[in-house]
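Chemist: Have a look at the structure that comes next, please.
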Amino acid sequence: MTSGGATQSSAKDDAGHSRGYHGEISLFSDLLPPALPPAKPKLTPEERRARQADRLTTIRLRMAIGRELEERGITTPVAIGAALGMPGVEAIRLLIRHQWREGDVARLEAAAARLGVQVPGL
């Protein structure tokens, strides 16, 4: 013990409990930046080209399907779903989705075929 104070091992908190060196709470722990999420795997140039081609295809298919639905006067989600052969909410999400998802091209191609839509360049 030192004169005028307690040693580190015998320090007591307000409730009278002893605190050791590791039992103290850091006031600065919540000021540290959060751990970064794991890095996304890099796409190879070949994969990037394939994704870009898929994006262009989905845009063309969505535009053609949308035009065909509009020409037929099909505007409600339920009617759109029935025309495309899937639940209405799922059909709407497929037609307005901005994020690339695997399988969208095949689903849009199937929907276009069901409507009898021909997309130039595909």
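Chemist: Out of Ala15, Ala53, I need the residue that is under 26 Å from the mean Cα position of the chain (by Cα), open to solvent by less than 100 Å² (accessible area, probe 1.4 Å) and modelled with pLDDT under 95. Which one?
Modeler: Ala53
Chemist: Right, something else. For segment 99-122, enumerate the residues that are in a helix (DSSP H, G or I) and either in contact with a helix residue (DSSP H, G or I) (Cβ under 7 Å, 6 or more places away or on another chain) or in contact (Cβ under 8 Å) with a residue 60 or more places away in the chain (or both).
Modeler: Listed by number, the residues that qualify are Asp104, Val105, Arg107, Leu108, Glu109, Ala111, Ala112, Arg114, Leu115.
Chemist: Then there's this: Would you pick out the residues in segment 80-96 that are open to solvent by 40 Å² or more (accessible area, probe 1.4 Å), small (Gly, Ala, Ser) and assigned to a helix (DSSP H, G or I)?
Modeler: Hit for segment 80-96 is Ala82, nothing else.
Chemist: On the basis of being surrounded by 11 or more Cβ atoms within 10 Å (Cβ to Cβ) and out of contact with any helix residue (DSSP H, G or I) (no Cβ under 7 Å at 6 or more places or on another chain), does Arg72 make the cut?
Modeler: Spelling it out, Arg72 is indeed surrounded by 11 or more Cβ atoms within 10 Å (Cβ to Cβ) and out of contact with any helix residue (DSSP H, G or I) (no Cβ under 7 Å at 6 or more places or on another chain).
Chemist: Which residues, taken from segment 97-121, are closer than 17 Å to Leu56 by Cβ and open to solvent by 40 Å² or more (accessible area, probe 1.4 Å)?
Modeler: Result: Arg97, His98, Gln99, Trp100, Arg101, Glu102, Ala106, Arg107, Glu109, Gln118, Pro120, Gly121.
The values are calculated or read from the model by the stated rules, or taken from the named source; none is laboratory data. Please read all numbers here as calculations on a predicted model, not as lab measurements. No Cβ is skipped: glycine too gets one built from the backbone with ideal geometry, and neighbour counts run over all protein chains shown. SASA here: full protein model, heavy atoms, side chains in, ligands and nucleic acids out. Shrake-Rupley method; radii C 1.70, N 1.55, O 1.52, S 1.80 Å.
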